[in-house]
Amino acid sequence: YIPSRMTITIVGKQNTEETYGIIKKYFEDLESRPEPGEIKVIEPEQAGEKRVNVFFKSRPAIMIGWKKPTAPSKYDYAFDIISSALGSGSSSRLYRSLVLENKIASGVYAWNGSPGSRYDNMFIIYATPVEGVSTEKLESAIYSELEKFRKDIGKSEMDRVRYLAESSFIFMLDNNDGIAGQLSYFQTVFKNWKYISNYLENLNKVSIGDVQDAFDKYIRDMYKTVAVLHDDRSIK
């Protein structure tokens with residue numbers, strides 16, 4: 001935690017001279033220190049599926065994650081599309097199938113980029129079964145929907161999901177706090193705040209082939225980790 005690694009972002013109408021005066025008052029005297037150098041931990045390539053079972057007094061749940069590259073890889077943008085299509089809102093594939101139609105899940109979500117975006121990360125699906133449905137049945141249904149999506153995603157769905165992803169991104173910029181947060185994030189994580197201006201352009205470049213290619217490369221058992229939360233009150 002040194003001054004040269006700090007990002008300060010200020011947005012909105014302001015008096016520039018007064019603003020810089022305040023920044024200098026509170027930050028100018030911070031002692032400069034040597035750069036620690038970049039630390040990048042590269043995990044050994046996963047050689048097969050990993051499973052974790054946790055027993056607790058709680059409703060059951062399942063979380064499935066696949067390792068994948070982070071930005072600026074084109075696959076990171078593809079997984080933004082995939083996460084929106086599969087598990088973002090009540091119109092997503094997993095929600096429609098598992099919650100509304102088959103009624104085997106009480107909730108299901110998908111997101112890209114866990115736990116952070118500085119290094120390669122994971123695409124994750126989280127789901128909770130309804131009473132009387134096993135996590136095994138729910139897990140099997142998730143895989144079935146993934147395969148359907150990979151095979152039959154079409155242009156209209158791509159367009160709908162792309163618009164959804166675009167709107168979510170734009171909504172994050174609809175106030176000064178959101179703008180400051182995003183600018184700071186991109187500058188700190190990617191070392192270039194201008195990345196924010198290229199995001200939508202790169203997202204729109206994602207094709208159906210890119211999505212299918214991302215599936216073929218990364219939605220594989222060898223990159224998968226499954227964590228299951230069991231309700232230990234059912235154990236005699």
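Structure values in brief
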| read-out | value |
| --- | --- |
| In the range 203-214, residue surrounded by the most Cβ atoms within 10 Å (Cβ to Cβ) [restricted to those that are in contact (Cβ under 8 Å) with a residue 40 or more places away in the chain and assigned to a helix (DSSP H, G or I)] | A214 |
| Residues within the range 129-154 that are surrounded by fewer than 19 Cβ atoms within 10 Å (Cβ to Cβ), β-branched (V, I, T) and closer than 20 Å to G89 by Cβ, tallied | 1 |
| Residue count, the range 80-115 (criterion: part of a loop (DSSP other than H, G, I, E, B) and open to solvent by 50 Å² or more (accessible area, probe 1.4 Å)) | 5 |
| Output for the range 1-14, where each listed residue is open to solvent by less than 100 Å² (accessible area, probe 1.4 Å) and either without any contact (Cβ under 8 Å) to a residue 12 or more places away in the chain or among the small types (G, A, S) (or both) | S4, G12, Q14 |
| Criterion: at negative phi, in contact with a helix residue (DSSP H, G or I) (Cβ under 7 Å, 6 or more places away or on another chain) and either surrounded by fewer than 10 Cβ atoms within 10 Å (Cβ to Cβ) or among the acidic types (D, E) (or both) - qualifying residue of E28, E43, E35, E17 | E35 |
| Filtered residues of the range 116-128 (kept if in a loop (DSSP other than H, G, I, E, B) and either open to solvent by 70 Å² or more (accessible area, probe 1.4 Å) or not small (G, A, S) (or both)) | R118, Y119, D120 |
| Residue match in the range 186-198 (condition: open to solvent by 40 Å² or more (accessible area, probe 1.4 Å) and among the aliphatic types (A, V, I, L, M)) | no |
| Residues (in contact with a helix residue (DSSP H, G or I) (Cβ under 9 Å, 6 or more places away or on another chain) and either at pLDDT 85 or above or assigned to a loop (DSSP other than H, G, I, E, B) (or both)) located in the range 180-198 | Q182, L183, Y185, F186, Q187, T188, N192, W193, K194 |
| Where a residue in the range 215-230 is closer than 18 Å to D80 by Cβ and touching a residue at least 12 places away in the same chain (Cβ under 8 Å) and its partner, wherever it lies, is in a helix (DSSP H, G or I) and open to solvent by 40 Å² or more (accessible area, probe 1.4 Å), with Cβ under 6 Å and at least six apart | F215/R150 |
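Rundown of residues vs (1) at pLDDT 90 or above; (2) among the small types (G, A, S); (3) within 23 Å of the chain's Cα centre (by Cα); (4) closer than 16 Å to A227 by Cβ, yes/no style:
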site	(1), (2), (3), (4)
I22	yes, no, no, no
F27	yes, no, no, no
E38	no, no, no, no
E45	no, no, yes, no
A61	yes, yes, yes, yes
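The values are calculated or read from the model by the stated rules, or taken from the named source; none is laboratory data. Note that the structure is predicted; figures quoted are calculated from it, not measured. So basically every Cβ, Gly included, is an ideal-geometry build from the backbone, and we count neighbours across all protein chains shown. What goes into the accessible areas is simple: the full protein's heavy atoms, side chains included, and nothing from ligands, DNA or RNA. Shrake-Rupley method; radii C 1.70, N 1.55, O 1.52, S 1.80 Å.
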